[in-house]
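The values are calculated or read from the model by the stated rules, or taken from the named source; none is laboratory data. Nothing here was measured: the structure is a model prediction, and the numbers come from that model. Here the Cβ positions follow ideal geometry from the backbone for every residue, glycine too, while neighbour counts run over all protein chains shown.
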Amino acid sequence: MTGFFGALLEMEFLQRALLGGVLASVVCGIMGTYVVVKRIGYLAGGIAHAVLGGMGVAYYLDLNPMLGAIAAAVVAALLVGWVNIGSRRNSDTVIGALWAVGMAIGILFISRTPGYNVDLMSYLFGNILMVSLGDLRIMIVLDVLVVVLVLLFYRQLIAVAFDQEFARLRGVAVRFFELLLLCAVALTVVTLIQVVGLILVIALLTLPAAIASQYARSLAGIMLLATLIGVVLTVGGLALSYDPDLPAGATIILLAGLLYLASTAAKSLVHRIRLRRLRQGA
Amino acid sequence: MTPDIELHRVSFSYGGPLVLQDVTLAVEHGEFLGVVGPNGSGKTTLLRLILGLLEPTAGRLRVLGRAPDDARKLVGYVPQFASFERDFPISVKEMVLQGRLGRTRLLGRYSGADHAAAQRAMAQVHVEHASSQPIGGLSGGQVQRALVARALVTEPKILVLDEPTSNIDLRAEDNIFNLLEQLRESMTIVVVSHDIGFMTQYVSRVACLNRTLVCHTTSEVTGQVVEELYGAPVHMIQHPHKISTSGPIQ
């Protein structure tokens, strides 16, 4: 750990990694909260995996894979949103199909590109230590986009997440905001992929918000707390993984899982003690 | 004067058999109409038509003299509990403020006027003390009253309630209807409920629905009417009938 903080002052790649982690934490705190209260974790997972399709195509065409990821994520979000709204049926099947088909497209294109093995692993499991300045710039743009969006439309997004029908009756453009929300989730997923890769994304998206929702009572409170938890997890994961040279993404996720477990256990323990006191009092 | 809500031979189907058939009904300004009927009788469908969430398959429907979509902003809606998650992290005030969404600015935060309106509405239904509490911590009756407050901040001319008493105990039920009785001085009210016995003490008129309008009466709902409506003898508890002021339906 101490080695990490010493190296942080000297190594530019560590500073970039740290900045990437913080940038990812901000959007994961904000959008993760929506994902948790709206219970669309599976949907977000589908978008995350479908993103490989876009990355594969971009890689094949020798473009920045992150741009391909953004395009694929937005297309996937709009597709799922359109199916969800149009039919009102459970969109499980569509999400599952998108999930697998997106990955299949990605694998096919990557296999057609010479020398693919190295990059595939970093797409799937992330490689925050390799994050480039260009990637960071894109992450900053995505962060600003998501934050501005939520600041402008916070009320509408809550209303749509809470009670769609009432929102619609009040003249809120429910379909538009639903799609906007899914697009923001998609952009968040792309940001998080830089840190933990597309397979582990779903944990980083949901766990900080899930932990925060055990303590904060308002949506904005959960967002703030989840962002802080995200920062602690990404910085902590980076620091822990540095000396023993462990994969940073996996370490961050493991830390998130442990924190969630500990928090849930502590909560239920407190609850039990309270109940016992109440019974003894009565 | 044109009625606030006017249905002329309205029928509706979700694609299969008719859910509503040939319903003709006029609700005058200031009326307090109770719509009763068994499950699947088309009560909620009737409300959704009035709100403009559905379009009639046949017939004509006007709300405040306009198409229901256009009148929507003047109709306050109190949904059933089932339409949202009780553990959603939202305070009573935040929920009530959502009623201002159609009237306030598009971007940013709620205005001072919005907050004032929410405060007034919460005071009117006596939930102002719970203003900053999350809705998950409230009793069923409190949530119901908060939902009425959310409908009131829209400054409605018509208030529409879907099963407002289905999740609360008898005392809270009494409170809700007392509240509605006060509100009827300033607006037209339509309440849908399967709970005939209790509601008929308060409303000015009852419409009994079972696909068609079986009856509409200002007099006491008798056991015979109920039997006709539900298609089976129903155990009914006698209750004092308080008001019957409005004239018969045309």
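Need a quick list: strands (runs of 3 or more DSSP E) entirely within the stretch B:1-119 having at least 1 residues that are within 14 Å of another protein chain (Cβ to nearest Cβ).
Those strands (runs of 3 or more DSSP E) span B:58-63, B:75-78.
Report yes if B:Arg48 is closer than 23 Å to B:Met199 by Cβ, basic (Lys, Arg) and out of contact with any Ser or Thr (no Cβ under 9 Å at 6 or more places or on another chain), otherwise no.
yes
Could you look through the stretch A:1-46, keep only residues that are more than 14 Å from chain B (Cβ to nearest Cβ) and among the polar types (S, T, N, Q), and pick out the one that is surrounded by the fewest Cβ atoms within 10 Å (Cβ to Cβ)?
A:Thr2
Go over the candidates A:Val75, A:Val144, A:Val94, A:Val131 one by one and state the one that is more than 14 Å from chain B (Cβ to nearest Cβ) and over 18 Å from the mean Cα position of the chain (by Cα).
On inspection, the qualifying residue turns out to be A:Val94.
Given the conditions (1) touching a helix residue (DSSP H, G or I) at 6+ places or on another chain (Cβ under 7 Å); (2) touching a residue at least 60 places away in the same chain (Cβ under 8 Å); (3) surrounded by fewer than 23 Cβ atoms within 10 Å (Cβ to Cβ), report the number of the one that A:Thr251 does not fulfil.
Single failed check for A:Thr251: (2).
Among (1) surrounded by fewer than 19 Cβ atoms within 10 Å (Cβ to Cβ); (2) modelled with pLDDT of 90 or more; (3) not hydroxyl-bearing (Ser, Thr, Tyr), there is one condition A:Met130 misses while meeting the rest; what is its number?
(2)
Which of the residues spanning the stretch B:1-48 are free of Cβ contacts under 8 Å to residues at least 60 places away in the same chain and polar (S, T, N, Q)?
B:Ser11, B:Ser13, B:Thr45
For a quick check of your reading of the model, give me the residue pairs whose first member lies in the stretch B:155-172 and is part of a strand (DSSP E or B), whose second is among the charged types (D, E, K, R), with beta-carbon atoms closer than 6 Å and at least 6 apart or on different chains.
Listed by first residue and then by second, the contacts come to B:Ile158/B:Asp4.
Going through A:Val37, A:Val51, A:Val22, A:Val74 one at a time, which residue ends up being over 30 Å from A:Arg175 (Cβ atoms), β-branched (Val, Ile, Thr) and in contact with a helix residue (DSSP H, G or I) (Cβ under 9 Å, 6 or more places away or on another chain)?
Result of the check over A:Val37, A:Val51, A:Val22, A:Val74: A:Val22.
Working carefully through the options A:Leu205, A:Leu182, find the one that is surrounded by 23 or more Cβ atoms within 10 Å (Cβ to Cβ), over 10 Å from the mean Cα position of the chain (by Cα) and either within 16 Å of A:Val22 (Cα to Cα) or not aromatic (Phe, Trp, Tyr) (or both).
Unique residue meeting the criteria: A:Leu182.
Considering each of A:Leu8, A:Leu63 in turn, give the residue that is of a type in the set (A, V, I, L, M, F, W, C) and assigned to a helix (DSSP H, G or I).
After ruling out the rest, the residue left standing is A:Leu8.
Listed residues A:Val83, A:Val75, A:Val22, A:Val57; which is part of a helix (DSSP H, G or I), aliphatic (A, V, I, L, M) and under 24 Å from A:Ala159 (Cα atoms)?
A:Val83
Is it the case that B:Glu155 is of a type in the set (Asp, Glu), surrounded by fewer than 20 Cβ atoms within 10 Å (Cβ to Cβ), on the phi > 0 side of the Ramachandran plot and modelled with pLDDT of 85 or more?
Judged against the criteria, B:Glu155 is a match.
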